[in-house]
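Bear in mind that the values in this text are calculations on the coordinates, not laboratory data. None of the values given here were measured: they were computed from a predicted structure. With ideal geometry, Cβ positions are generated from the backbone for all residues, glycine too; neighbour counts draw on all protein chains shown.
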Amino acid sequence: MAEQRSSTVLAAALRIMEPGHGVNETFAVSSNSPLPLRQLVELWQKVTGKKINVQWGARPYRPREVMRPWSAGLLLPGWRASVTLEDGIRQMEGLQY
C-alpha cells in the first residue's frame, strides 16, 4: 500500500531527475483541477465518512495570507496524476477502493 501511496509523487521526482532537466529549474505538478478548501474538506468527509471540525472564518486573514494556488512553475513535462484525488484520500486513510 505504501508503494501505491507514493507512486504519483515518486513519478514526479524521478521525472525531474532525468537527464535534460537543468539545475535550479522549478516545476509544478498539477491535476489542472484546482479545488477550493471547502470542497476538499467536503470530499474528504464524503470519502472517509469522518467529520472534520472546521470553523470557517473563525480567525481573520493575515496580511500576507495567500489565497490562490501557486502557479509560477512550469508543468513538469510528461507527468500526469496517476491517482484520482478520491483514490488518493482512500489510500492515505487505508481504505479499500
Inset, instruction - Counting helices only, and only those DSSP H runs with n ≥ 4, report the 222 nm mean residue ellipticity of the chain as the sum of -39,500 (n - 2.57) divided by its residues, in deg cm²/dmol to the nearest 500. - result: -11500 deg cm²/dmol
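Averaged across orientations, what area in nm² does the convex hull of the alpha carbons in the chain project? Don't jump to the answer; show the numbers that get you there.
Working: hull surface 33.3 nm².
Average of the hull's projected areas for the chain equals 8.3 nm².
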Inset, instruction - Report, to the nearest 10°, how far helix 37-48 tilts away from the longest principal axis of the Cα atoms in the chain, using its own Cα long axis and a range of 0 to 90°. - result: 80
Legend entry - Projected label distance in nm at ASN32 and TRP56, using a 7 Å step from Cα toward the beta-carbon: 2.9
